[in-house]
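Here is the structure we will look at, set down as structure tokens.
Every read-out reported here was derived from the displayed coordinates using simple, explicitly stated rules and does not represent laboratory data. Everything numeric in this text was worked out from a predicted model, so none of it was measured. Note that each Cβ is placed from the backbone with ideal geometry, even for glycine, and that neighbours are counted across all protein chains shown.
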């Protein structure tokens, strides 16, 4: 099965992240790097996203595209990155997600497969 | 249908095999296309459950298991059941979905029966099941036994679902009938099944013991006019001794594994009460020690409330009330918090505050039997 992991975080997660010392930050990146290396065989396309202040939305209202600055959902949680994951089943995907060293929240979504 | 029932009633082994068939059918069809399993198989399951209801399940089930243990294919059947239970209680499903799926697929309840037990419209339950099955298929929730590492958490999830259903039967938190003994007994049967499927795990034994202890006292929880009777006022001679002994056996066997857990401790606390001939002889010190152990595993406000009630019995209302004050925010919406607090305040002679607490408890209670008890209390106290 193919899933997408959406790496999400809250404002509080961001504050905690910003408070890391340069050393801690290096450690964190090293851990995250190891996670990606360890699961490489199961990972598809993925990216880290730039901050919410860079987001632009296009909303169709009455069929007309309205362009706006900012996020689609103005919530406490926002998506910071994503990756495709190929796993046998949800339990395998969950085991990968549980071992994620980056903190925050991971939303796991199965992908619609072509029939 | 009746004829089929009677036929199956007489042919226990066959009926038991039919349950297994229904489960295997579910195992095969759900992940593939998410449609409800074959209606015929479900009917058989329901019929079997009814038959099991009327039999002395303990005795017959032991015979059946002894028989199965010698026959071929036993392991696969047992594993299939375990897979099914674990899938129904998968943490990726909502608690409501877990409950409905477990009752439907493992216990063979009809949609109408589940709806009645949870005082919900049939359509709500049907839709809940459809959504849950769809999620199992779409999200890739597997029918497999988790690794050793995961099993602990997954098992806890199963036991929590079973205990929630049991309490719905035993206490019936919703408005309507005060108690649904059948539901409680059905789910005790499921707990027994989990014990047999995972014979090395102590927590299922703890849960089964806890259920047996509740059921052993079940008949004395209501008086002849159908009024709820509290533990302190129950006729302990009416408690089911053999059921209690059975539960204590289970607790001791579980303790032998030296892996204490929430259900083992709760069962041990219930056993303390069950073994005591009158409320005045209760070993409150022992009970408080057990609550302290439980708090290290499950530091929840409800456990703290129960511990405070034991403190009240041991030390009187003054120190107990101080314990309760710390819980006021967390348990504001919990009727038993206000009911216990009210009783303690009465003891201290603070009638006005006590009355307010009891009225708050009454506002928060939906269950008819509990309401009646609280109303009686309010009435008696105000006429003093």
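Data table
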{"quantity": "Overall Cα dimensions of the range B:181-309 - principal axes, largest extent first, Å", "calculated": "43, 32, 24"}
{"quantity": "Per residue convex hull volume, Cα atoms of the range A:60-115, in Å³", "calculated": "148"}
{"quantity": "Residue order, fewest to most surrounding Cβ atoms within 10 angstrom, among A:99, B:351", "calculated": "A:99, B:351"}
{"quantity": "Ascending count of other beta-carbon atoms within 10 Å, so fewest first, for B:89, B:195", "calculated": "B:195, B:89"}
{"quantity": "10 Å-binned pair-distance histogram of the range B:123-263 (Cα, whole percent)", "calculated": "11, 32, 32, 18, 6, 0"}
{"quantity": "Potential extension, residue B:322-residue B:150 segment - 0.36 nm per residue separation minus Cα distance", "calculated": "57.9 nm"}
{"quantity": "Burial ordering of B:133, B:237, A:2, fewest other beta-carbon atoms within 10 Å first", "calculated": "B:237, A:2, B:133"}
{"quantity": "Approximate shape of the range B:175-256 as ellipsoid semi-axes (Cα gyration tensor, √5λ), whole Å, largest first", "calculated": "26, 15, 8"}
{"quantity": "Between the range A:1-79 and the range B:142-158, the alpha-carbon center distance in angstrom", "calculated": "30"}
{"quantity": "Principal semi-axes in Å for the range B:86-145 [√(5λ), Cα gyration tensor, largest first]", "calculated": "20, 12, 9"}
{"quantity": "Estimated translational D of the range B:248-340 in µm²/s (Stokes, Kirkwood radius over Cα pairs; 37 °C; 0.692 mPa s)", "calculated": "233"}
{"quantity": "Hull shadow area, averaged, the range B:300-352 [alpha-carbon convex hull, nm²]", "calculated": "3.3"}
{"quantity": "Label-to-label distance, nm, for residues given as residue B:219 and residue B:379 (7 Å Cα→Cβ offset)", "calculated": "2.8"}
{"quantity": "Radius of gyration and Dmax over the Cα atoms of chain A, both given in Å", "calculated": "16.3, 51"}
{"quantity": "Estimated distance in nm for a label pair at residue A:60 and residue B:231, the labels positioned 7 Å out from Cα along Cα-to-Cβ", "calculated": "6.1"}
{"quantity": "Å³ per residue enclosed by the Cα convex hull of the range B:333-384", "calculated": "60"}
